[in-house]
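Heads up: the structure comes next, in structure tokens.
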Amino acid sequence: MKNKSLVSIHDYSKTDYLRIMDLAEEFERNPRNYGNLLTGKVVATLFFEPSTRTRLSFESAVQRLGGRIIGFADSSSSSVSKGETLKDTIKTVSQYSDLIVMRHPIEGSARWASEVSDVPIVNAGDGANQHPTQCLLDLYTMKQTQGKLDNLIITMVGDLKYGRTVHSLIQAMLYFSPSFHFVSPEELKMPNEYKMFLKEKKIPFKEHHDLSEVLKISDIIYVTRVQRERFSDPIEYEKVKNAFVLKNSMLEDTKPGLKILHPLPRVNEINEDVDTNKKAYYFRQALNGVYTRMAIISSILGLK
Amino acid sequence: MEKKNLKELKVSAIKEGTVIDHIPARSLFKVISILELQKMETQITIGYNFESKKLGQKGIIKISDKFLSQKDLNKIALFAPEAKINIIRNYKVIEKNVVQVPDSIEGIVKCMNPKCITNNEDVKTKFTVIEKKNVTLKCKYCEKITDQEHFEMK
Ligand SMILES: [Zn+2]
């Protein structure tokens with residue numbers, strides 16, 4: 001992993017996943033031991049499109065390890081708005097820093113950046129394509145809550161068509177013999193290419209239109225946001241927007257170990273009355289993002 | 001004029017070089033551009049819209065005094081999968097080859113994803129060939145699929 005960019009979940013092997021998770025666990029257990037790990041290192045966070053949550057998570061990870069941060073939070077304030085190419089921006093910033101975290105609306109931009117940069121790139125989202133650190137933090141969270149990653153029953157709810165996180169998760173879970181349940185409106189069903197992938201790999205899955213059918217059997221419920229702009233017909237959105245809302249009352253009789261995850265931000269797909277339920281884990285999941293990113297950055301910099 | 005002579009007149013024989021036959025007529029100009037024939041200085045004969053039982057209309061290219069490598073020739077496999085390559089020495093065919101779809105492709109075609117970096121900045125396309133029969137390409141940048149029906153010259 002040393003000096004290697006993390007652009008796509010396909011860049012890491014099962015061993016790499018496990019190593020990152022072990023390291024994240026170590027950072028979580030003994031945070032005080034690592035406050036100087038990144039002393040003297042400069043990490044650039046280049047956000048060509050804004051994503052406050054992701055940027056703060058990365059910056060928190062760097063700060064907790066004692067590193068310094070340079071960068072921008074959206075491209076309007078940078079030289080990009082003056083027409084500089086991505087190549088030139090990356091090449092220049094790679095002279096100033098030891099590692100670049102970037103988010104960019106164009107798909108494949110992070111791979112391109114990794115080819116022109118003199119320092120490793122961590123992809124913090126390239127359009128609808130990849131967001132590998134989100135996937136790793138999801139894996140870490142599932143392992144943490146269930147004590148294992150093998151043989152979990154995972155229910156994915158919401159926008160399964162455009163939801164980048166659910167697609168990555170399906171592919172990364174390949175090594176851990178999961179079974180999946182997909183609950184979504186007809187218009188936002190899991191795309192065929194991913195269903196073909198699961199069939200090919202002999203991973204069982206089932207599609208549902210009703211959340212109540214699968215709540216009781218799930219170990220993990222992974223909820224994603226259903227966005228109005230994804231619907232060609234606004235009436236269709238109005239019809240389904242409340243059909244997939246998770247409420248506290250629905251969690252009775254679910255497995256004691258069930259945990260509810262969400263990549264955040266949430267709109268209304270998880271009712272606020274769920275927040276106080278012990279099974280709600282999405283804010284803790286956000287904290288895990290910091291530990292996971294600490295693990296990724298320090299591995300790439302060869303410090304752990 | 002005798003029939004035999006007529007045939008010879010269509011495309012004259014070459015003494016030494018490479019003949020690429022069975023190019024679908026609609027792909028002929030793409031093939032010329034992929035092989036960058038316009039940059040070559042040797043004598044080149046190009047035949048267009050010849051009758052072909054197999055292809056309907058075909059194109060043929062005869063390049064004198066030049067022996068193209070199989071690697072270069074494989075680049076045309078996307079547009080002329082049935083092309084036949086004849087190596088000519090002293091007016092005789094001494095070698096017959098077919099083209100093969102390579103494992104990876106750089107440049108030549110566009111990624112069909114409009115949001116891909118290769119369609120937004122000056123970046124050469126790179127694909128992994130994931131299916132050779134109905135040629136299917138996976139973009140190394142955006143990871144999206146481009147299939148045969150959507151091949152467009154870069
Ligand atoms: Zn692409």
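The values are calculated or read from the model by the stated rules, or taken from the named source; none is laboratory data. Bear in mind the structure is a predicted one, so any value in this text is a computation, not a measurement. Counting neighbours? That spans all protein chains shown, and the Cβs are built from the backbone with ideal geometry, glycine included. Accessible surface areas use protein heavy atoms only, side chains included; no ligands, DNA or RNA. Shrake-Rupley method; radii C 1.70, N 1.55, O 1.52, S 1.80 Å.
What are the residues of region B:95-119 that lose 50 Å² or more of accessible area, with a 1.4 Å probe, going from their chain alone to all protein chains?
Output list: B:Lys115, B:Ile117.
What area, in nm² and to one decimal, does the C-alpha convex hull of chain A cast on average over all directions?
The directionally averaged projection comes out at 15.7 nm².
When the helix-only estimate is applied to the protein assembly as shown (DSSP H runs of n ≥ 4, each -39,500 (n - 2.57), divided by the residue count), what is the mean residue ellipticity at 222 nm, nearest 500 deg cm²/dmol?
-8500 deg cm²/dmol
Going by accessible area, probe 1.4 Å, with all protein chains left in place, what is the ranking of A:Arg55, A:Arg230, B:Arg26, largest first?
B:Arg26, A:Arg230, A:Arg55
To the nearest 20 Debye, how big is the dipole of the protein assembly as shown about its Cα centre, given +1 on the beta carbon of each Lys and Arg and -1 on that of each Asp and Glu?
Here the size comes out at about 1240 debye.
Given R₀ = 51 Å, FRET efficiency for A:Arg68-B:Gln38 by Cβ-Cβ distance, to 0.05?
0.45
Among B:93-100, A:257-264, how do they line up from the highest to the lowest mean number of other beta-carbon atoms within 10 Å?
Going by the mean number of other Cβ atoms within 10 Å, highest first, we get A:257-264, B:93-100.
Normalised by the number of residues in chain A, what is the relative contact order in percent for Cα pairs under 8 Å and 6+ residues apart?
Result for chain A is 21 percent.
Got a number for carbon plus sulfur as a percent of the protein assembly as shown's accessible area, 1.4 Å probe?
With neighbouring chains kept in place, the figure for the protein assembly as shown is 47 percent.
Taking accessible area as the heavy-atom solvent-accessible surface of the protein chains with a 1.4 Å probe, which residues of region A:91-115 lose no less than 20 Å² upon going from the isolated chain to the full protein assembly?
Hits at the 20 Å² cut-off: A:Ile106, A:Glu107, A:Gly108, A:Arg111, A:Trp112, A:Glu115.
By accessible area of protein heavy atoms, probe 1.4 Å, what ranking do A:Phe283, A:Phe27 get, highest first?
A:Phe283, A:Phe27
Ignore the peptide's own chain and count Cβ atoms of other chains within 10 Å of each Cβ in A:124-134; give me the average, rounded.
Partner Cβ neighbours, averaged per residue: 2.
Quote the total accessible area buried by chains B and A together, excluding ligands, DNA and RNA, probe 1.4 Å, nearest 100 Å².
Approximately 1100 Å² gets buried when B meets A.
Applying the Karplus parametrisation 6.51 cos²θ - 1.76 cosθ + 1.60 with θ = phi - 60° to the phi angles of region A:18-31, what ³J(HN,Hα) value in whole Hz is obtained for each residue in order, glycine and proline being reported as x?
5, 5, 4, 5, 4, 5, 4, 5, 5, 5, 5, 6, 10, x
So how exposed is A:Tyr222, as accessible area in Å² (1.4 Å probe, rounded to 10)?
0
Consider a paramagnetic label point 7 Å from the Cα of A:Lys279 along Cα→Cβ; state which residues of region A:211-248 have an amide N under 18 Å from it.
Counting only backbone N, you get A:211-224, A:243-248.
Counting only protein chains, not ligands or nucleic acids, how are B:Met112, A:Met142, A:Met250 ordered by accessible area (probe 1.4 Å), most first?
Solvent-accessible surface, decreasing: B:Met112, A:Met250, A:Met142.
Tell me which residues come under 5 Å, amide H to amide H, from A:His208 once H is placed; ignore anything under 5 positions away on its chain.
A:Phe182, A:Val183, A:Ser184
Between B:Ser69 and B:Asp147, what FRET efficiency comes out of the Förster formula 1/(1 + (r/R0)^6) with R0 = 25 Å and r the beta carbon distance, rounded to 0.05?
0.35
5 Å is the cut-off here: which amide hydrogens, built 1.01 Å from N in the peptide plane, fall below it relative to A:Leu160, excluding neighbours closer than 5 in sequence?
When sequence neighbours closer than 5 places are left aside, there are no close amide H contacts.
Can you compute 3J(HN,Hα) from phi for each residue in region B:128-133, using the Karplus curve 6.51 cos²θ - 1.76 cosθ + 1.60 with θ = phi - 60°, rounded to whole Hz and x for Gly and Pro?
3J(HN,Hα) across region B:128-133, in whole Hz: 9, 7, 9, 8, 9, 6.
Mean projection of the alpha-carbon convex hull of region B:17-98 over all orientations, in nm²?
So the mean shadow area of the Cα hull is 4.9 nm².
What is the set of long-range amide H partners of B:Val109 at a cut-off below 5 Å, with H atoms built 1.01 Å from backbone N?
When sequence neighbours closer than 5 places are left aside, the close amide H contacts are B:Lys154.
Please compute the per residue accessible area over region B:45-131 with all protein chains in place, 1.4 Å probe, rounded to a whole number of Å².
For region B:45-131, the solvent-accessible area averages 56 Å² per residue.
May I ask you to evaluate 6.51 cos²θ - 1.76 cosθ + 1.60, the Karplus curve with θ = phi - 60°, for each residue of region B:40-54 and list the ³J(HN,Hα) values in order in whole Hz, giving x for glycine and proline?
Each residue of region B:40-54 in turn: 7, 10, 7, 6, 10, 10, 10, x, 10, 6, 6, 6, 9, 4, 7 Hz.
Cα axis of helix A:282-300 to longest principal axis of chain A: angle in degrees, 0 to 90, nearest 10?
40
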